[in-house]
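Chemist: Supplied in structure tokens, the structure appears directly below.
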Amino acid sequence: MRVLLAPHGTRGDVQPMLALAVALRARGHAASFVLPSNFLDWIRACGFEAVSNGVDIEADMLAPDAMLESRRWQFRYLKDHTARMFEAIARASEGADLVVGAGAQVVTASIAEWREVPHTFIAFCPCAIP
């Protein structure tokens, strides 16, 4: 099975997906990633295919105008990056048998539906989702 892992967020969103990818590989599945560009080198060094979702989340979080405590800023951030993530994930999902989203990922369900493949979303912090 070919599984596309598409976490969006910080290392806390990406690292558990890396553990999942390692487990999938150990069971004979092919896992690949589409994720923030600041994680590409790390994921590739672990032996997985990875492409950028068009966002460098580390640079965004460290930008002088970042207001991480502001919900308004957070929603604007997601709105501004959603179209970019749609394009990148749509390209990366070609040939996938399953699409898995995590973190602040809002497009994977739509892409999986478009591709007519199963989708799941993993919440590492379930209290964040009602």
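The values are calculated or read from the model by the stated rules, or taken from the named source; none is laboratory data. Small disclaimer: the values here were computed from a predicted structure and weren't measured. Because the Cβ atoms are built from the backbone with ideal geometry, glycine has one as well, and the counts that use them run over all protein chains shown. To get the accessible areas, we keep the full protein, side chains included, count just its heavy atoms, and leave off ligands, DNA and RNA. Shrake-Rupley method; radii C 1.70, N 1.55, O 1.52, S 1.80 Å.
Chemist: Accessible area per residue for the chain in Å², computed with a 1.4 Å probe and the full protein assembly in place, what is it? Write out the running numbers ahead of the final one.
Modeler: Numbers: 7370 Å² over 130 residues.
Accessible area per residue: 57 Å².
Chemist: Peptides 13-20, 102-109: what's the order by average Cβ count within 10 Å, highest mean first? Show your work: numbers first, answer last.
Modeler: Values: 13-20: 18.2, 102-109: 20.8.
My ranking of the peptides, most packed first, is 102-109, 13-20.
Chemist: On to the next question. Is segment 1-67 rounded, prolate or oblate when judged by the Cα gyration tensor, a ≥ b ≥ c being the square roots of its eigenvalues, rounded requiring a/c under 1.5 and prolate requiring a/b larger than b/c? Don't skip to the answer; put the middle values down first.
Modeler: Numbers: a/c = 2.75, a/b = 2.45, b/c = 1.12.
The shape class here is prolate.
Chemist: Let me ask you something else. Determine the calculated [θ] at 222 nm for the chain from helices alone, applying -39500 (n - 2.57) to every DSSP H run no shorter than 4 residues and normalising by the residue count; nearest 500 deg cm²/dmol. Walk me through the numbers before you get to the answer.
Modeler: On the way: 5 runs with 58 residues, N = 130.
Result for the chain: -13500 deg cm²/dmol, rounded to the nearest 500.
Chemist: Quick one: length gained pulling Asp41 to Val106 fully straight, 0.36 nm per residue minus the C-alpha distance? Before the final figure, lay out the partial values.
Modeler: Values: separation 65, 0.36 × 65 = 23.40 nm, distance 2.36 nm.
So the chain would gain 21.0 nm between Asp41 and Val106.
Chemist: At 0.36 nm per residue, minus the direct Cα-Cα distance, what do Ala23 and Thr82 gain on full extension? Give it in nm, one decimal, please.
Modeler: On the way: separation 59, 0.36 × 59 = 21.24 nm, distance 2.89 nm.
Stretched out fully, the Ala23 to Thr82 stretch lengthens by 18.3 nm.
Chemist: What's the carbon and sulfur percent of the chain's accessible surface, probe 1.4 angstrom, rounded to a whole number?
Modeler: Working: 4130 of 7370 Å².
The C+S portion of the solvent-accessible surface of the chain is 56 percent.
Chemist: For Ala31, what residues show an amide H to amide H distance below 5 Å, using hydrogens built from the backbone and excluding near sequence neighbours?
Modeler: Hits under the 5 Å cutoff: Val3.
Chemist: Something else about it: Does the chain come out rounded, prolate or oblate by the C-alpha gyration tensor, with a ≥ b ≥ c the root eigenvalues, rounded set by a/c under 1.5 and, if not, prolate when a/b is larger than b/c and oblate if not? Don't jump to the answer; show the numbers that get you there.
Modeler: Numbers: a/c = 1.69, a/b = 1.47, b/c = 1.15.
Judged from the Cα gyration tensor, the chain comes out prolate (a/c at least 1.5, a/b above b/c).
Chemist: Using the Cα centre of the chain as the reference point, and only Cβ charges (+1 on K/R, -1 on D/E), how large is the resulting charge dipole? Debye, rounded to the nearest 20.
Modeler: Numbers: 12 positive and 14 negative charges, 45 e Å.
In total the dipole reaches around 220 debye.
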